[in-house]
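To start, the structure under review is shown below, and the notes come after it.
The values are calculated or read from the model by the stated rules, or taken from the named source; none is laboratory data. Note that the coordinates shown come from a computational prediction; the quantities given were computed from them, not determined experimentally. We place every Cβ from the backbone using ideal geometry, glycine too, and count neighbours over all the protein chains shown.
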Amino acid sequence: MTTSSTTATPGGARVGVQKFGTFVSGMVMPNIAAFIAWGFITALFIQTGWLPLLGIDPVWVQQLGGWSLDPEVTNTGLVGPMIIYLLPLLIANTGGRMVYGTRGGVIGTIATMGVIIGAGIPMFLGAMIVGPSAAWVMKKIDGLWAGKIRAGFEMLVDNFSGGIVGMLLAIASFFLIAPIVTAISNGLEAIIAFLVQNGLLPLASLFVEPGKILFLNNAINHGVFTPLGTAESLEKGQSILFLIEANPGPGLGILLAFLVFGVGLLRASAPGAILIHFVGGIHEIYFPYVLAKPLLVVAAIAGGATGVLTNVVFQSGLRAPASPGSIIAVLAQTPPGSFLGVILSVVFSAAVSFAVAAVIIRAGRKRDLEAMANGDDALAAAVAKNEANKGRGSSVGDLLNTGAATGAAAGAATATKIQNVVFACDAGMGSSAMGATVLRNKFAKAGIEGVNVTNKAIANLDGTEDLIITQDKLTERAAQKVPGAIHVSVDNFMNSPKYDEVVDMVSK
């Protein structure tokens with residue numbers, strides 16, 4: 001395996017929060033289909049759902065929605081049990097598996113049942129805490145007698161130790177963890193309620209939008225808004241919290257401003273980015289555009305706050321998380337009475353972010369044109385302006401982590417054939433999957449065979465990777481995870497000129 005000559009340095013608080021967001025995302029994202037299924041069931045079958053509103057309410061619809069008018073029908077339907085039991089247990093199992101494989105998933109699920117029953121409310125936060133924590137405890141306990149069990153008794157010890165530990169952790173979760181997590185949930189809900197009641201919820205965009213640009217969006221969305229929003233949706237039938245981070249409007253406005261007023265590659269790539277962002281729901285596609293001009297975070301905040309305010313005024317929201325944050329997913333999860341507010345929140349937020357971004361971009365347009373003419377790449381770390389002007393980067397050394405590798409190291413990087421290329425991001429889906437597709441197509445056109453190009457979450461990197469491609473804000477974490485690989489930083493998974501250099505390096 002080839003290695004780069006750079007070493008990662010501690011990333012401080014931002015990297016720590018990113019790691020937390022990656023872990024939370026790793027628990028939630030694989031189970032998003034279950035959230036969406038619950039959202040569809042809720043949208044169709046509850047008493048205020050689509051089918052009853054259309055006058056289609058036979059007994060089976062009432063049974064599925066849990067609101068049957070027949071006094072002899074006592075079932076609670078699918079909506080309540082799914083959100084109280086199924087979704088938290090799926091999260092707990094996934095979190096446990098991330099820590100200790102299948103055994104961790106089983107123990108995490110058992111322990112989480114205690115916090116669910118003890119709290120009596122949807123326990124997403126409890127599942128995120130108890131699932132991986134229980135798996136960690138089981139892992140440490142197994143380590144106490146690892147290699148010391150007499151041959152033939154391994155299964156007996158594993159099963160009984162798992163059962164006993166699972167029982168004890170479930171009891172502890174019931175009496176100890178459930179009250180604590182309930183208090184935390186109530187506290188967060190009180191804060192949100194205070195913001196809503198005092199018309200201050202749009203201020204959340206002051207933290208949410210900059211956090212997204214720093215790739216903290218998974219920690220914000222899956223760690224806070226999804227758990228609280230799902231609980232609120234169960235009670236009220238919808239939640240505004242699902243649209244605070246997921247609204248595609250602010251990013252759309254910024255990309256439109258680049259399409260109209262931008263220069264060079266930023267303008268040329270904007271149409272494709274708009275399609276990927278707004279229809280595909282991959283919000284990460286517009287982050288590099290903001291990083292190119294950091295002042296554009298003001299446009300993102302203004303647009304986000306406008307969208308939140310619009311939903312507050314119209315009292316609109318979604319039934320379930322919109323993931324990915326596509327306009328299609330947003331509309332699919334919009335209840336009948338919220339369509340006007342939700343659509344206007346997207347339109348108004350896009351309009352405001354476009355207006356603010358247009359002023360910022362136009363103010364620097366002359367400077368940008370001069371930079372292109374002079375080949376100035378001072379902002380290369382954000383958008384690779386010089387590479388956009390030339391169509392590709394200047395050296396293979398720039399591919400290696402922070403670009404500090406020497407020519408000798410670059411030569412060493414090609415000494416061993418690269419066979420495993422991985423695109424890595426927070427969730428291992430979305431933008432990294434699209435980047436992998438782009439590079440596969442480039443390899444195919446170049447006639448390169450025998451190179452495996454995949455996408456993973458950074459947390460799932462296992463050291464088998466020869467070359468890892470990440471967006472520049474995430475490269476440091478990937479290098480910490482797998483220091484023995486070549487690390488390539490790009491500003492945009494869909495349109496990076498560095499891919500041509502990767503093709504050249506792999507083909508040697």
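Which one is modelled with the lowest pLDDT among residues in segment 464-506 that are of a type in the set (S, T, N, Q) and within 30 Å of Pro271 (Cβ to Cβ)?
Residues of segment 464-506 that are of a type in the set (S, T, N, Q), as a first pass: 464, 470-471, 475, 480, 489, 492, 495-496.
Filter again for within 30 Å of Pro271 (Cβ to Cβ), leaving 470-471, 475, 489, 492, 495-496.
Working: Thr470: 90, Gln471: 85, Thr475: 86, Ser489: 89, Asn492: 74, Asn495: 71, Ser496: 77.
Per the criteria, the residue is Asn495.
In this structure, is Thr48 in contact (Cβ under 8 Å) with a residue 12 or more places away in the chain, of a type in the set (Ser, Thr, Tyr) and assigned to a loop (DSSP other than H, G, I, E, B)? Steps first, answer last, please.
Working: in contact (Cβ under 8 Å) with a residue 12 or more places away in the chain: yes; of a type in the set (Ser, Thr, Tyr): yes; assigned to a loop (DSSP other than H, G, I, E, B): yes.
Taking the combined requirement at face value, the residue satisfies it.
Yes/no per residue for (1) under 20 Å from Ala34 (Cβ atoms); (2) at pLDDT below 95; (3) of a type outside the set (Lys, Arg); (4) surrounded by fewer than 22 Cβ atoms within 10 Å (Cβ to Cβ):
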{"site": "Glu72", "(1), (2), (3), (4)": "no, yes, yes, yes"}
{"site": "Thr109", "(1), (2), (3), (4)": "yes, no, yes, no"}
{"site": "Asn159", "(1), (2), (3), (4)": "no, yes, yes, yes"}
{"site": "Leu168", "(1), (2), (3), (4)": "no, no, yes, yes"}
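Would you tally the residues in segment 170-210 being over 30 Å from Leu309 (Cα atoms), β-branched (Val, Ile, Thr) and surrounded by fewer than 17 Cβ atoms within 10 Å (Cβ to Cβ)? Outline the logic, then answer.
Quick first cut of segment 170-210, residues over 30 Å from Leu309 (Cα atoms) only: 170-180.
Adding the requirement that they be β-branched (Val, Ile, Thr) leaves 171, 177, 180.
Imposing the further condition that a residue be surrounded by fewer than 17 Cβ atoms within 10 Å (Cβ to Cβ) reduces the set to 171, 180.
Matching residues across segment 170-210 total 2.
For the structure I just gave you, tell me whether Phe242 is closer than 30 Å to Glu370 by Cα and either in contact with a strand residue (DSSP E or B) (Cβ under 7 Å, 6 or more places away or on another chain) or in a helix (DSSP H, G or I) (or both).
Values: closer than 30 Å to Glu370 by Cα: no; either in contact with a strand residue (DSSP E or B) (Cβ under 7 Å, 6 or more places away or on another chain) or in a helix (DSSP H, G or I) (or both): yes.
Judged against the criteria, Phe242 is not a match.
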Checklist entry - For segment 469-506, how many residues are under 28 Å from Met27 (Cβ atoms) and out of contact with any Leu (no Cβ under 7 Å at 6 or more places or on another chain)? => result 17
Checklist entry - For the subset of segment 430-456 comprising residues that are touching a strand residue (DSSP E or B) at 6+ places or on another chain (Cβ under 7 Å) and among the aliphatic types (A, V, I, L, M), which member is nearest to Lys417 (Cα to Cα)? => result Val451
Checklist outcome for this item: Note on Phe225: of the conditions (1) more than 30 Å from Met494 (Cβ to Cβ); (2) out of contact with any strand residue (DSSP E or B) (no Cβ under 6 Å at 6 or more places or on another chain), unmet is (1)
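Every residue, every condition in (1) touching a helix residue (DSSP H, G or I) at 6+ places or on another chain (Cβ under 8 Å); (2) assigned to a helix (DSSP H, G or I), yes or no:
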residue: Pro52; (1), (2): yes, yes
residue: Asp57; (1), (2): yes, no
residue: Gly77; (1), (2): yes, no
residue: Pro81; (1), (2): no, yes
residue: Ala92; (1), (2): yes, yes
residue: Gly95; (1), (2): yes, yes
residue: Ile107; (1), (2): yes, yes
residue: Thr112; (1), (2): yes, yes
residue: Val115; (1), (2): yes, yes
Next on the checklist: Looking for something over 16 Å from Ala329 (Cβ atoms), modelled with pLDDT of 90 or more and surrounded by 22 or more Cβ atoms within 10 Å (Cβ to Cβ) - is there at least one such residue anywhere in segment 285-295?
Outcome noted: no
